[in-house]
Amino acid sequence: MYDFPLTNSQPDAVPPSEVRFLDLKVEPWEDKTRLKILAFLTPFSKFPNLEFSIMSEDGSLVAQSSIIENIEAKFVFTMHLRNKGKPGPYSLIGIISYEDIGVVDQKTIKFEV
């Protein structure tokens, strides 16, 4: 079993209160039911919790994902739309938080499927 450190030892790592999204992107897959999410964070000294929500134009939640104590500053993952990729505008909301201090950054981007 691999033993993960509890903190990040990068020399340019920032404290939890300064962790931010550097970039957040959405790339729909050809089937329009899956989305590739690309997230880039500032280097961090303590592993953050991440929450990603996709909202339809009418404010309905169509996908959600949580990552607890994320260990990578740059990563890609896939989200699945519950509404089978109904065409239209959507919003991706990304939240960075820590259990002890709460939300430290939030970013919202709009995209089309």
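Laboratory data are not the source of any read-out in this text; all were calculated from the coordinates shown. Computed from a predicted structure; not experimentally measured. Quick reminder, even Gly has a Cβ in these numbers, built from the backbone with ideal geometry, and neighbours come from all protein chains shown.
Numbers at a glance
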| read-out | value |
| --- | --- |
| Residue list for the stretch 51-69, restricted to those being surrounded by 16 or more Cβ atoms within 10 Å (Cβ to Cβ) and touching a residue at least 24 places away in the same chain (Cβ under 8 Å) | E51, F52, S53, I54, M55, S56, V62, A63 |
| F47 vs. criteria of a type outside the set (D, E, K, R), surrounded by 15 or more Cβ atoms within 10 Å (Cβ to Cβ) and under 16 Å from K25 (Cβ atoms) | no |
| Residue list for the stretch 14-50, restricted to those being among the β-branched types (V, I, T) and either without any contact (Cβ under 8 Å) to a residue 40 or more places away in the chain or in a helix (DSSP H, G or I) (or both) | V14, T42 |
| Some residue of the stretch 78-88 being under 10 Å from the mean Cα position of the chain (by Cα), surrounded by 14 or more Cβ atoms within 10 Å (Cβ to Cβ) and in a strand (DSSP E or B) | no |
| Single condition S60 does not satisfy, out of (1) over 23 Å from W29 (Cβ atoms); (2) over 11 Å from the mean Cα position of the chain (by Cα); (3) not hydrophobic (A, V, I, L, M, F, W, C) | (1) |
| Selected residue (only one of S56, S45, S91 is over 15 Å from E112 (Cα atoms) and of a type in the set (S, T, N, Q)) | S45 |
